[in-house]
Amino acid sequence: MKLKFSLFYQWGLTLLLVIIISSLTLKPAFSQQPVTVKVLVQALESTQWEPMIKSFHQTHPKIRLEVVKAPNNTNLVEDLYTSAYLLGDSPYDLAYMDVVWVQKFAAAGWLENLTEKVESEELNAYIQGDVEGGKYQDKLYRMPFRTDVGMLYYRKDLLQKAGLKPPKTFEDLINISKTIQDQNLAKWGYVWQGKQYEGLAAMFTEILQGYGGFWVNPQTQAIGLDAPESIEAVKFLRQTIKEAISPPGVTTYGEEETRRLFESGNTLFLRNWPYVYALASNSSIAGNYALQPMVHLPGKQSGACLGGWGFGISKSSKHQQEAWQVIEYFNQPAIQRQYFLETGYVPSRKSLFTDDILVNQYNYLPALLQGAENAVLRPPIPQYAQASDILQRYLSAALTGSKTPEQAMKAAADETRTLLNINL
């Protein structure tokens, strides 16, 4: 009996030791499970990220980058991020942001301050406007990844047939458009984004700059929407519709509608972003177009609205260190070169504008660098989303003829002053 008990005791002790040893052996395996870093990205671009994500996982086995696909409408993506942050515990460790979101997100306390993570010398490698657009109250909250600047596309072959040179001024654009239309070389002279959405505000920023005007001065909070320069800028756009230089439906067009119309071969000038250049090479106008900075009044400066995307880290993230490793990986020149080579997007890192491999495929990049370095920021204010909505509504009213340019811009200016608590 004692022998059986002794054997039972030994077996029990052995089993206990096996369990303890097993638990100690398995514990490191569990601790080595990859940390998941989540980010919300537009569906189209998230697909384009797949090669980068694959290479990231190969070099960072302890981190799993999970990309949640969002709608391709940037306004909807901003709304999804905002809703997640307002709930107080966002599922996203990284915030992939449009440049105009930074002020709002940072002012709300949703982003981690990245200033101490980056040396100032490293930031000098990027387009200055991209860096400044990622700051709030002189602190960095967004690392640049890719930039965007509005440009004017033109048909080289049509201008050559008519013996004309590309325009430099607004008057040139009007006159050249009419000449090309009169010669039946193209149905439309100029297409642009006139739909009531963020693209309208971006496009108008460029026209406004070309007329010597401004929207909001972030230092003084002065509002320039009802100034003579702004009203003249609106009248120019309205003129293109009235004189059938632009199609009557232009007030319903976004980027893609205008791109397709230009690629159809029946349009002389197009205002759009650099992404069109690569796509148009697969259309009927391949080889017959070029781009340049936007036209302007004599003696005034050309306007190129600065867009672009970059990475911030959510303040609520429990994996901030891993999120920063993702940012560092994506910001390597070799990784960016391959990405921009495959997508046609424009880099934020200045050295890539003159990179032999990229320039060989996108020969416009060196010229684009000058436009990017002189680009115009939309007002970098926390209330930007509301200010943009105000401008869009009243500008659309002026373009569709329900208000005069003077009425619309005065109303837009007054409402913007109320938004910013400025005495009328």
Around G307, under 12 Å between beta carbons, what's the net of Lys plus Arg minus Asp minus Glu among the other residues? -4
With a ≥ b ≥ c from the Cα gyration tensor eigenvalues, square-rooted, and the rule rounded for a/c under 1.5, otherwise prolate when a/b > b/c and oblate otherwise, the range 212-315 is oblate
Taking just the alpha carbons, could you work out the radius of gyration and Dmax for the chain, both in angstroms? 26.7, 115
Rounded to two decimals, the Debye log10 I(q)/I(0) of the range 283-338 (Cα scatterers, no solvent) at q = 0.12, 0.22 Å⁻¹ is -0.64, -0.94
Other-chain or far-sequence residues with amide H under 5 Å of V346's (modelled H): T147
Kindly express, to the nearest 10 degrees and within the range 0 to 90, the angle between helix 384-400's C-alpha long axis and the longest C-alpha principal axis of the chain. 30 degrees
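Over the range 135-199, what lengths in whole Å, largest first, do the semi-axes of the equivalent ellipsoid take, defined as the square roots of 5 times the eigenvalues of the alpha-carbon gyration tensor? Don't jump to the answer; show the numbers that get you there.
On the way: eigenvalues 263, 38, 24 Å².
Working through the eigenvalues yields semi-axes of 36, 14, 11 Å.
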Cα-based reach from K69 at 15 Å (exclusive), listing aspartates and glutamates while leaving out same-chain residues under 8 positions away: E45, E50, E78, D79, D93
Can you give the Rg to Rh ratio of the range 164-224, both from alpha-carbon atoms, with Rh computed by the Kirkwood formula? 1.11
When we measure straight from the Cα of K178, which aspartates and glutamates land under 13 angstrom away, once same-chain ones fewer than 8 places off are left out? E243
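Holding the Cα-Cα limit at 27 Å, pick out from K135/K315; K168/K195; K139/K235; K38/K135 the pairs that are longer than that.
Numbers: K135/K315 15 Å; K168/K195 25 Å; K139/K235 39 Å; K38/K135 23 Å.
Checking Cα-Cα distances, K139/K235 exceed 27 Å.
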Amide H contacts under 5 Å for V68, placed H, 5+ residues apart: V39, L40, V41
From the backbone phi of the range 321-338, what are the Karplus-calculated ³J(HN,Hα) couplings (6.51 cos²θ - 1.76 cosθ + 1.60, θ = phi - 60°) in whole Hz, Gly and Pro given as x? 5, 5, 4, 5, 5, 4, 4, 4, 5, 5, 8, 6, x, 5, 5, 5, 4, 5
Tell me, what HN-Hα J-couplings in whole Hz come from the Karplus equation 6.51 cos²θ - 1.76 cosθ + 1.60 at θ = phi - 60° for each residue of the range 32-38, using x for Gly and Pro? 8, 4, x, 7, 8, 10, 9
Degrees between helix 74-86 axis and first principal axis of the chain (Cα, 0 to 90, nearest 10): 40 degrees
Run the simple label-point estimate for N282 and T400 please: 7 Å along Cα→C-beta, distance reported in nm. 3.4 nm
Once all Cα-Cα distances of the range 288-424 are split into 10 Å bins that start at 0, what whole-number percent is in each one? 10, 24, 28, 23, 14, 1
For the chain, take the longest principal axis of its alpha carbons; what is the angle in degrees between that and the long axis of helix 228-242, to the nearest 10 within 0 to 90? 80 degrees
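At 1.4 Å probe size, with every protein chain present, just tell me what the per residue accessible area of the range 121-276 comes to in Å². Could you put the intermediate results ahead of the total?
Values: 5910 Å² over 156 residues.
Roughly 38 Å² per residue, with all protein chains present.
What fraction of the DSSP beta bridges in the chain is antiparallel, stated in percent and rounded to the nearest 5? Don't jump to the answer; show the numbers that get you there.
Values: 26 of 41 bridges.
Restricted to the chain, the bridges split so that about 65 percent are antiparallel.
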Taking amide hydrogens as modeled 1.01 Å from N in the peptide plane, which residues meet the under 5 Å criterion relative to T169, leaving out close sequence neighbours? H296
Karplus (6.51, -1.76, 1.60) ³J(HN,Hα), θ = phi - 60°, over the range 415-420, in Hz, Gly and Pro reported as x: 5, 5, 5, 5, 4, 8
Can you give me the % of accessible surface on the chain that is carbon or sulfur? Probe 1.4 Å, all protein chains present, nothing else counted. 53 percent
Averaged per residue, what accessible surface does the range 289-424 expose to a 1.4 Å probe, in Å²? 42 Å²
Which part of the range 292-313 falls in the paramagnetic zone of Y275, meaning amide N under 12 Å from the point 7 Å along Cα-to-beta-carbon? 308-309
When the helix-only estimate is applied to the chain (DSSP H runs of n ≥ 4, each -39,500 (n - 2.57), divided by the residue count), what is the mean residue ellipticity at 222 nm, nearest 500 deg cm²/dmol? -14500 deg cm²/dmol
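The values are calculated or read from the model by the stated rules, or taken from the named source; none is laboratory data. All of these numbers come straight from a predicted model, not from anything done at the bench. Using ideal geometry, Cβ is built from the backbone for each residue, glycine included, and neighbour counts are taken over all protein chains shown. Ligands, DNA and RNA are stripped out before the accessible areas are found, and what is left, the full protein with its side chains, is counted by its heavy atoms. Shrake-Rupley method; radii C 1.70, N 1.55, O 1.52, S 1.80 Å.
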